[in-house]
Each structure stands twice: as structure tokens, then as C-alpha cells.
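The values are calculated or read from the model by the stated rules, or taken from the named source; none is laboratory data. The model shown is predicted, which means the values in this text are computed figures rather than measured ones. Please note: Cβ atoms are built from the backbone with ideal geometry, for glycine as well, and neighbour counts cover all protein chains shown. All accessible areas refer to the heavy atoms of the entire protein, side chains included, with ligands and DNA or RNA removed. Shrake-Rupley method; radii C 1.70, N 1.55, O 1.52, S 1.80 Å.
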Amino acid sequence: MNETIHWTENAQNMQADWGGDSRHPAPKHIQAITQISAEQAIQLMRQHTALLWRGDYHQGKQLLAAIKKRVRSKARIHTDFHKHRLQQAQHSRLFQLLLVEIQPQGILNNSRAPDIAAALNDVFGKPNQNALLLPLHLLLGYIGAYEWHKTGVSIPALQGQKIHVPYGVFSPVRGEYLELVAHAALPSACQTAWDIGTGSGVLAAILAQRGIPEIIATDNNPRAIVCAQANIERLGLNKQIHIQHTSLFPEGKADLIVCNPPWLPAKPSSDIETALYDPNHQMLKTFLENIRNHLSANGQVWLIMSDIAEHLGLRPSEALHQWIEAAGLKIIHKIDTQPTHQKAREQHHPLSYARNREITSLWQLGIQ
Ligand SMILES: C[S@@+](CC[C@H](N)C(=O)[O-])C[C@H]1O[C@@H](n2cnc3c(N)ncnc32)[C@H](O)[C@@H]1O
């Protein structure tokens, strides 16, 4: 159930559902505006007043861009991961205070506004029945995500076939790790495989194309389940791959268990960050602690991990080895790759000292 927000505008009592991220509380004070400078807007927002933009849509976008530029240019540079993230979260909370009102059925009444109904349906799964106050920052994210969802990401490891990824599901757009899964030597006589935390379903699809006859892919995010199912059907692999909405493992055992867990041990600060951040590496640890019960004799675990958490000082370099050993597993082989995406080469990002050194590995593990 969405929280209802009340405000007064032109001496009228108004109300709408709150459409912001569920981890951010709905704003208490709302002021409708049609014109304001970025500086004045920031001042009001810093006093916890949310601004409901009633002006021209494109001017609203320009205002948001000017607010972001101003706030970021004045911010201190933190090379410490936690301080950097805290600052990012504070900025994101501030940027969420510029709102637009969406009328029922996804209608935006600001002048020159585009038709956003399809983008909202793609995110929420159905048209909104009540008026909705939505941060413009989020709306722009939804529109961008909808375009990406339609376009899809071409996957070389799937012979260029596309994976379509909606808002809120991990996208394999930086896909070096996919090549590792496409080319690593499979365990002998591999008949069954699991893809734990399947996201878009991309790893399950690669395993299916490698000829494994029975694959189960799980995820605990309902958006990922819908997305993976759609991709698997689109690729015509639904006879080989079964998608299950569950936390971690299905029933039984498998010859190969693949997992690409969230890489950073930190608290997600928004609903869409749960694929990237996992407090205290909880998913990874639980995965490793229980894996032996699910592996058939001579079976293998393929764990995909980047070492970025080590470069950021969030995980001691020996920790992963220790967890693997404590799980009763041994390392059969480790294949490394370096990220080729632009962010990995950026020199001026506060965390570039870690990003520039990041290595992603496929750990092939067997029973000790
Ligand atoms: C880094 S993404 C990997 C997605 C996909 N396998 C890939 O490689 O592109 C991690 C995925 O694990 C899922 N996940 C996190 N905790 C989980 C759990 N306890 N059980 C199942 N899936 C989980 C997330 O929803 C997310 O889809």
C-alpha cells in the first residue's frame, strides 16, 4: 500500500499516493512551483520542503540537472567507500525532493510532457489508479530503463542474441564475466545445473546453449523472476530452463551450481541496489555454508566474484579463501578477467583507485 501525501495548493486540499523509493520517507512539506532558480530550490529542499513542479516538463528536467550539478560541484570528495556512499545517499534523497504529479492512468499534465504511461506500466506492472507524486529523478530513471528494456542488451556469449532487462533487475551490460561462464571447462557428464540469483536469466541461458539438459534458475526478487522467464521464453529455452522464485537453492542436488552474488558488502540504499550490495556478504556466506548438501559427487560450484571489495578495504584479501575452505570446498581452477567498461578506466572518480585495479574471477570449486 502506498502512503498518502496531503498538501495545500491554491487554498485547496490535495492528496496523492507517494511514489518515491520505499526506503525514503514521504516528504511532509510540499510546495507547488512553476519557476525557481536551482539555488533557491536547493535551499528549500535542504529545509525538507519538497517542490512539486507544475511548470514545463523540459524546464523541470533542466532544473533537476542544474540542481545536481550545483550540489555535486560543491560536495567534498570522499575516497573512503562508506563516506562516499553516505554522500551519494544524501544527494539522492535531496534530488528526490523535486516531484511531479502523475494523474491516474499515467498521465503527466506538465506542458510538453511526453507520454509516460507505457514506461510506468513497465515498472509498476499496471496503470496507477490514484494520483501519484513521483520524484522527477525517479521518473527519468523509469523512462530510461523502459527504453533499455525495449532495446535489450546484445550478449556476445549468446551469439549476439539479446537479453531484455527492465527496471530493478541486474543488467549484464558489463559482461566480461559472461565470457568466463561461456568458456570454462564443464564438469564431466554435467546433466543438471543451477543458476542461483539468476537476475535476467543470462547465465542460465549460456549454460543451456552449452548443452546442459536440465537447468533450474532461482532468484528472490519477483521482478527478476518475471524478467528471467520472459528472456528464457524469448530465447526458446523453456524446455531446458525452469525458473523458481525462491531464496538461494531449489530442492535436490546439481552437477554444476553457478552463482554471481552481489559483490559489495554494504547496505542497499534503494530497492534496486539489492543485486549489487549485500550487507556483510550474507548471501554469499549462506550460499557457501550450505552448498555441499546440494552438490552431486564430482559436482562443481562456479562462483563469480570481483575483488573490488578488497581494494575498497571492505573485505580482507584472505576472507574468500577462508570461506571456501570452511565450506569444505577446494579450488580447482580460477579464471580472471579485467573489466573493460569505461568506469573501470576513469581517473577522476573518488573510488578510481579501486575500480582501476578490479579483477573479476570465475572460481571453479569442488568438494574437498
Ligand atoms: C549480481 S546479480 C547477478 C544476476 C545474474 N546472475 C547475472 O550474472 O547477470 C545478483 C542476483 O542475486 C539475487 N539474489 C540476492 N539474494 C538472493 C537470494 N537470497 N536468493 C536468490 N537470489 C538472490 C539478486 O536478486 C540478483 O538478481
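Condition check for Glu233 on (1) charged (D, E, K, R); (2) modelled with pLDDT of 95 or more; (3) within 30 Å of Gln90 (Cβ to Cβ): one failure, at (3).
Does Asn290 satisfy the condition of being exposed (fewer than 15 other Cβ atoms within 10 Å of the Cβ), closer than 15 Å to Thr218 by Cβ and not small (Gly, Ala, Ser)? For Asn290, the condition - exposed (fewer than 15 other Cβ atoms within 10 Å of the Cβ), closer than 15 Å to Thr218 by Cβ and not small (Gly, Ala, Ser) - is met. Within segment 197-223, residues that are more than 15 Å from Leu178 (Cβ to Cβ) have Cβ atoms under 7 Å from residues that are assigned to a helix (DSSP H, G or I) and away from the ligand (no atom under 12 Å from the Cβ) in these pairs: Ile215/Ala208, counting only partners at least 6 apart in sequence or on another chain. When segment 20-49 is filtered for residues that are open to solvent by less than 30 Å² (accessible area, probe 1.4 Å) and over 18 Å from Ala89 (Cα atoms), the ones remaining, listed by number, are Ile30, Ile33, Ala38, Ala41. Within segment 178-197, the set of residues being open to solvent by less than 10 Å² (accessible area, probe 1.4 Å) and either among the basic types (Lys, Arg) or closer than 12 Å to Cys259 by Cβ (or both) comprises Val181, Ala193, Trp194, Asp195, Ile196.
Just one of the listed residues (Ala354, Ala327) is over 22 Å from the mean Cα position of the chain (by Cα) and of a type in the set (A, V, I, L, M, F, W, C), and it is Ala327.
Looking at segment 43-68 only, could you name the residues that are assigned to a helix (DSSP H, G or I), among the charged types (D, E, K, R) and over 26 Å from Lys267 (Cα atoms)? Don't jump to the end; show me each part of the working.
We begin by selecting, within segment 43-68, every residue assigned to a helix (DSSP H, G or I); these are 43-46, 57-68.
Adding the requirement that they be among the charged types (D, E, K, R) leaves 46, 61, 68.
Within segment 43-68, just Lys61 meets the criteria.
I'd like to check something: does segment 104-114 contain any residue that is over 28 Å from Arg223 (Cα atoms) and in a helix (DSSP H, G or I)?
So in segment 104-114, the residues over 28 Å from Arg223 (Cα atoms) come out as 109-112.
Applying the additional criterion that residues be in a helix (DSSP H, G or I) yields none.
No, the conditions are met nowhere in segment 104-114.
Going through (1) assigned to a strand (DSSP E or B); (2) over 24 Å from the mean Cα position of the chain (by Cα) one by one, Leu99 falls short only on (2). For segment 50-60, a residue qualifies if it is buried (at least 18 other Cβ atoms within 10 Å of the Cβ) and farther than 16 Å from Leu133 by Cβ, but none of them does.
If you go through segment 263-283 and keep only what is open to solvent by 50 Å² or more (accessible area, probe 1.4 Å) and out of contact with any Pro (no Cβ under 9 Å at 6 or more places or on another chain), you end up with Trp263, Asp271, Ile272.
Selection of segment 267-292 for residues being within 10 Å of the ligand (Cβ to nearest atom), within 14 Å of Leu303 (Cβ to Cβ) and not aromatic (Phe, Trp, Tyr) yields Asp278, Met283, Leu284, Thr286.
In segment 248-262, the qualifying residues are those that are within 10 Å of the ligand (Cβ to nearest atom) and over 27 Å from Phe124 (Cα atoms), and the one that is most open to solvent (accessible area, probe 1.4 Å) is Phe249. Residue pairs whose Cβ atoms lie under 8 Å apart, sitting 6 or more positions apart in sequence or on different chains, and linking a residue in segment 225-249 that is farther than 15 Å from His164 by Cβ and outside any loop (DSSP other than H, G, I, E, B) to a partner that is among the polar types (S, T, N, Q) and open to solvent by 70 Å² or more (accessible area, probe 1.4 Å), are His245/Asn220. Checking the stated criteria, Trp194 turns out to be under 22 Å from Leu295 (Cβ atoms) and of a type in the set (Phe, Trp, Tyr).
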